[in-house]
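Novice: Pasting a structure below so you can have a look.
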Amino acid sequence: MKTVSQINNKGSQPRDSFGSKFGFIAATAGSAVGLGNIWRFPYITGENGGGAFLLIYLAFIVIIGLPVMLSELVIGRSTQRNPFGAFRKLKPGSKWFLIGIMGIAAAFMINAFYSVVAGWTLEYLVNAITNQFSGKNTGEITALFTNFQGSAWRPVFWLLVFVAVSASVVLAGVQKGIEKYTKILMPVLLVLIVILCVRSVTLPNSAEGLKFLFNPDFSKIGPSTILIALGQAFFSLSIGMGTLITYGSYMKRNENLGSSATSVVFADTLIAILAGVAIFPAVFAFGISPASGPDLVFLTLPNIFARMGGGFIFGLLFFFLLVVAALTSTISILEVVVAYFSEELKMSRKAATLLASAGIALLGILCSLSLYKVPEISIGNTNLFGVLEYVSSNILLPLGGLLIVFFVAWLFGKDKLKNELSSNGKYKIGYYAIYRFIIKFLAPLAIALVFLNGLGILTF
Ligand code: TRP
């Protein structure tokens, strides 16, 4: 497979592409699978009441997430451009490229809070290496997290380390190194999560956790929770801000877009659900609150490692793989900003990466401090971390997704769309009629309603 550094080396050289369908799926799944699945999905599900939230999330993944992903890929592959260039090419002189600007804003926000949590996983990797979990009870494991957050410099230090590592990976060329390894490491992560699931469901009182995750209680659902489910679907699939326009632009013309998108969505959803199965039984077994918020994974999993045979090695492997999963996601977000700075603002790739990373680090530091140390860094009643997380996931991504499906449904051209999806007749697209119906009516309407309702602008 070709490297993204080669791919992005535009200008005089011809654009490159992923070498195989598996290469594309691995890279895209690498973007999709990350902290969103293992850190954010469980804690958001926990805060929003469990099973009913999961059902709504799954419905959104299928009826909105998959069609939005497919639409992004169509735009990317048909234009072979970054999100701005793509809309400029498709509708010259129009304002559609603003979708790209929104994407940049979202990319900065997401990368800032994402890197904060990725920094925590680095601290926990060190905890695992130095065997900090074994023999500790639930209270002591909670104290491990509290002490870490109470430290004046450690969270910020790890944040900076993580931002530096992602910057160096993007600079060095993503796929050559990372891509080669993630193809092996991500399946290992999957196996590891399955092992954790087995350990978790065999804990005492585990049925309680499974009930929480799979038994829907719709009384816990309101307009805001529905919007949060939609935001999580977008966040987890990496859609709504142009990441998949960019990745789609590296796909070969003869690749089947529909089946590729389906594989990525399936892998992403599977890992999120498995993470839920690994976490919730343990939450109840150890008396942790499912609504613990962003701390949830860091309070729960170390308890499992502390109590399982081979806990030392499993803990170490797990946090290592979580760091890698976070890294393969961050670079896909950073890439959107770097592509814009370098291609549209004519910066060198190096300057673009450094500038973007400096901005992310700065915003990230404020975010990190706002959580525990300096809660005054807030807007209204919400700390900066929460604000960035909410605005990017629940506002910018759905809005971007809405505009993208609208564009593909109404402005892209029906024949062009069919040709792109079928690779000029090479593949059967039995799903076409339903896909078209969804992107023309169902998805825009559903996103708009959930959105306005969730923000309290429209109530029924
Ligand atoms: N999907 C990734 C995760 O679940 C995060 C991510 C990568 C992302 N690229 C994105 C989120 C683009 C939104 C948009 O961890």
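Novice: Using Cα centres only, tell me the gap between the range 44-109 and the range 123-147 in whole Å.
Specialist: First find each Cα centre; the distance between them is then 37 Å.
Novice: If you find the alpha carbon centre of the range 320-398 and of the range 226-277, how far apart are they in angstrom?
Specialist: The range 320-398 and the range 226-277 have Cα centres separated by 20 Å.
Novice: So which DSSP H runs in the chain come out at 15 Å plus along the axis (Cα) with average Kyte-Doolittle of at least 1.6?
Specialist: 154-172, 180-201, 257-285, 296-306, 311-343, 397-410, 443-454
Novice: Just to make sure I understand: if all protein chains stay in place, what is the order of Phe87, Phe22 by accessible area at 1.4 Å, largest first?
Specialist: Order by accessible area, largest first: Phe22, Phe87.
Novice: Treating only the Cβ of Lys, Arg, Asp and Glu as charged (+1, +1, -1, -1), what charge dipole size does the chain show about its Cα centre? Round to the nearest 20 debye.
Specialist: 1600
Novice: Arrange the peptides 137-144, 56-63 so that the one whose residues have, on average, the most other Cβ atoms within 10 Å appears first.
Specialist: 56-63, 137-144
Novice: Given the peptides 27-35, 402-410, arrange them by the average over their residues of other C-beta atoms within 10 Å, most packed first.
Specialist: Peptide ranking by packing, descending: 27-35, 402-410.
Novice: Please list Asp268, Asp217, Asp295, Asp415 in order of solvent-accessible area, largest first, computed with a 1.4 Å probe with all protein chains present.
Specialist: Largest to smallest exposure gives the sequence Asp415, Asp217, Asp295, Asp268.
Novice: Could you pull out the trypsin sites (Lys or Arg not before Pro) across the range 205-280 that fall in loop regions by DSSP (anything but H, G, I, E, B) with no more than 15 other Cβ atoms inside 10 Å?
Specialist: Hits after loop and neighbour filter: Lys252, Arg253.
Novice: Helix-only mean residue ellipticity at 222 nm, the chain, DSSP H runs n ≥ 4 weighted -39,500 (n - 2.57), per residue, nearest 500. What is it?
Specialist: Helix-only estimate at 222 nm: -22500 deg cm²/dmol.
Novice: So, one more: Given points 7 Å out from each Cα along the Cα-Cβ axis, report the Ala59 to Ser378 separation in nanometres with one decimal.
Specialist: 3.3
Novice: So for the chain, taking the charge dipole from beta-carbon charges (+1 Lys/Arg, -1 Asp/Glu), which of Phe234, Gly456, Pro155 sits furthest toward the positive end?
Specialist: Looking along the dipole axis, the top candidate is Phe234.
Novice: Kindly report the accessible area of the range 21-454 per residue (heavy atoms of protein chains, probe 1.4 Å, no ligands, DNA or RNA), in Å².
Specialist: 35
Novice: Cross-link list Lys220/Lys428; Lys91/Lys252; Lys95/Lys414: which exceed 30 angstrom alpha carbon to alpha carbon?
Specialist: Violating the 30 Å limit, Cα to Cα: Lys220/Lys428.
Novice: With a 1.4 Å probe and every protein chain kept in, tell me what percent of the accessible surface of the chain is carbon plus sulfur.
Specialist: Roughly 67 percent of what the probe reaches on the chain is carbon or sulfur.
The values are calculated or read from the model by the stated rules, or taken from the named source; none is laboratory data. The shown structure was predicted, so the numbers you read here are calculated from the model rather than taken from an experiment. Methodologically, a virtual Cβ is constructed for each residue, glycine included, from the backbone with ideal geometry; neighbour enumeration extends over all protein chains shown. Surface accessibility is based on the protein's heavy atoms, side chains included, excluding ligands, DNA and RNA. Shrake-Rupley method; radii C 1.70, N 1.55, O 1.52, S 1.80 Å.
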